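**Student:** Take this structure, written in structure tokens, and hold onto it; I'll ask about it next.
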Amino acid sequence: MMVEIDGVNVIELIEMASIVGGIVSMLVIGLLIYLLVRPPRHVREARNRPVELGASEAEMLLGLMDRMESRLEVLERALADETGRSTKRTQPILEMADDGQESRRIK
């Protein structure tokens, strides 16, 4: 049995090897970049853990939300004075966000 190899077959093999090698090298480089930029395991696990707030932290956050809502009302009034249109909301933002959901806000 005789196998003939001419120059055309060799060039085709080289082209095929370069295409496959390029694809494999891009995949390996992509994997290395992914492994370098992903956050450490303890950070990923901390993101997935639910945050538990103490009573004082919850009160501080509710106070902050109330101040933000009052500042938003001032901003809306200033915008309404400037544009001449009324931008008054019929209900507070927190109630709008809780439509159809159980409210976690302490009233």
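Coordinate-derived values only; no laboratory data. Bear in mind that the values here come from a model prediction, so they are computed numbers and not experimental data. Cβ placement follows ideal geometry from the backbone for every residue including glycine, while neighbour counts extend to all protein chains displayed.
**Student:** Take L27, L36, L62 and order them by how many other Cβ atoms sit within 10 Å, fewest up front.
**Tutor:** Neighbour counts put them in this order, fewest first: L36, L27, L62.
**Student:** Using a 10 Å cut-off around each Cβ, can you sort R49, R38 from fewest to most neighbouring Cβ atoms?
**Tutor:** Least to most surrounded, the residues fall as R49, R38.
**Student:** Short version: ³J(HN,Hα) in whole Hz for each residue of the range 74-79, in order, from phi by Karplus 6.51 cos²θ - 1.76 cosθ + 1.60 (θ = phi - 60°), x for Gly and Pro, what are they?
**Tutor:** 4, 5, 5, 5, 5, 5
**Student:** Here's another thing I want to ask about it. What is the sum of charges, Lys and Arg at +1 and Asp and Glu at -1, for the other residues whose Cβ falls under 11 Å from the Cβ of P39?
**Tutor:** +3
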